[in-house]
């Protein structure tokens, strides 16, 4: 089921959490709401669920207005950051809860509930833990139970609030991939909130980047990463080097000349788009000195200082290239941005 | 290694032996002098003239009537305060509404008003010369110097106890589980009976125990509204006072042992329940994700 968010605004006292936000979530997609804390992403999720009421605007599920509809009639599944499992119930009873609270006429009989819960326990690979209590489970297991509980009633929309936020790095990685696979299997329209750009890019079909109560950009992970619509999106979705240059002289994607650094516009370059060489091939190569090398990790990172204006530049090199170059701290090299985006600021910061 | 350092604190972490003994000794001496000695004295005095005299004082009709009235007052006020306390704590901790701060202040009123004053207020309102006195008399209802007055006064002085016990517990637990239940389609009553109440059940029991102890032991407010009619409107604490004023010390202390036993039982139940309540709070502490 598709979700249409129209002109939603929400204030908490004087604080604006959402400011005229529009968003379309196509049916069956897995969408990430990505933004720093305080950007309004969780508020938007809670408004879609019905746990908060918007000050203005409307929510439609498949074109049908649901803004005024009661939470329990919306048929959404919600997964909370801290799981919110019922602590006095076993895993089995937690997952069965949504089915057992249905009105008598709609409630499946005991045998069917049991079958459904066992199905879900298999799906989350916790079949042998049905009789445990939440306190006896690890964080990752709790989150999977929370997900199974949300799926038990076959919701039309699945909403997840920082689903992996409270987990450690390794478990988070596993669960992410698991969620992606799960979504490929069941295709329920899903929206999840995260402040982790890596998570959003890895899991989602579509990423919604939010900042200060507004949506900055909506697009596929490639679109938002490779073609960010604003400086905010560029810097939020990964590390970035700033190259100062004059706007008029350089169309987007051009390479800034080191003699024009006094200009107002700023070129944005990802650390992976910096090429390091020992000799200057063209006038676009800037001389720089290596300040620091961090050789461990998937992408060795080199910190350089431009000799022309003293700016610090970070470069990520493929391991092979890094070994081949055999760089040393203090060495003088040439750097060239191979892919740069220039944003002309419409206001002075 | 760890247990060794724990059982034998190093000099860097502790005070000299003499200071430790002095501080611990002072605290124990204080407790003994002000709590233990009086408690023992109650039982010694009560049994001074033998078990038979003790027993006679307890099964004497006026004493039995006092016991019965105390039980009735507690049996009515505790359930009422249980319902009220849970409702108040539920409203205050799980919902946002206007006037919440005012409600919390009202809740503390019985703690801030002297019990004698609260009893006196009931006399002023419901007594013969009070605001509602003539109307009550016209309808042949007697509240003051009768059992209903005693029950009312008991309810008043004990009504914060359950709520006060539950509010911090429910606040610590937050509203996430209720929200989860709501999204899963549960109705208000289903959320209350299947999620909220089971999560605080030990806290509720704890509050009931405290409320019961206070209801049975209340003196001031009840004393004002009771009229001290022997065999009719005397509760246990009032009966003790009357006996004492009549220089019937053995009987007074004999009846007082019942209240002392109630206190000891309450303390024991409290100690047991406190552990359970702590577990209820602890289960909410956000866990670290470990697989």
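The values are calculated or read from the model by the stated rules, or taken from the named source; none is laboratory data. No experiment lies behind these values; they were computed from the predicted model shown. Every residue, glycine among them, receives a Cβ derived from its backbone with ideal geometry; neighbour counts consider all protein chains shown.
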Has the stretch A:161-173 got any residue that is touching a residue at least 24 places away in the same chain (Cβ under 8 Å), assigned to a helix (DSSP H, G or I) and surrounded by 16 or more Cβ atoms within 10 Å (Cβ to Cβ)? yes
With (1) within 14 Å of chain A (Cβ to nearest Cβ); (2) on the phi < 0 side of the Ramachandran plot; (3) surrounded by fewer than 22 Cβ atoms within 10 Å (Cβ to Cβ) as the list, and residue B:147 as the residue in question, which single condition is left unmet? (1)
Residue B:163 vs. criteria touching a helix residue (DSSP H, G or I) at 6+ places or on another chain (Cβ under 9 Å) and in a helix (DSSP H, G or I): yes
Exactly one condition in (1) part of a loop (DSSP other than H, G, I, E, B); (2) within 14 Å of another protein chain (Cβ to nearest Cβ); (3) on the phi < 0 side of the Ramachandran plot is false for residue A:45; which is it? (1)
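The rows are residues; the columns are (1) surrounded by 13 or more Cβ atoms within 10 Å (Cβ to Cβ); (2) within 20 Å of residue A:238 (Cβ to Cβ); (3) in contact with a strand residue (DSSP E or B) (Cβ under 8 Å, 6 or more places away or on another chain).
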| residue | (1), (2), (3) |
| --- | --- |
| A:287 | yes, no, yes |
| A:291 | yes, no, yes |
| A:300 | yes, yes, yes |
| A:305 | yes, no, yes |
| A:329 | no, no, yes |
| A:332 | no, no, yes |
Restricted to the stretch A:186-202, and to residues that are under 8 Å from the mean Cα position of the chain (by Cα) and in a helix (DSSP H, G or I), which residue is surrounded by the fewest Cβ atoms within 10 Å (Cβ to Cβ)? A:198
Among residues of the stretch A:103-135 being farther than 26 Å from residue A:180 by Cβ and touching a residue at least 40 places away in the same chain (Cβ under 8 Å), the residue nearest to the other protein chains (Cβ to nearest Cβ) is A:135
Restricting the search to the stretch B:196-208, which residues are assigned to a helix (DSSP H, G or I) and either more than 28 Å from residue B:58 (Cβ to Cβ) or modelled with pLDDT under 90 (or both)? B:196, B:197, B:198, B:199, B:201, B:202, B:203, B:204, B:205, B:206, B:207
Residues satisfying the stated conditions in the stretch A:43-87, i.e. surrounded by fewer than 15 Cβ atoms within 10 Å (Cβ to Cβ) and touching a helix residue (DSSP H, G or I) at 6+ places or on another chain (Cβ under 8 Å): A:53
Collect the residues in the stretch B:182-195 that are facing chain A (nearest Cβ under 7 Å) and not in a loop (DSSP other than H, G, I, E, B), keeping them in residue-number order. B:182, B:183, B:190, B:195
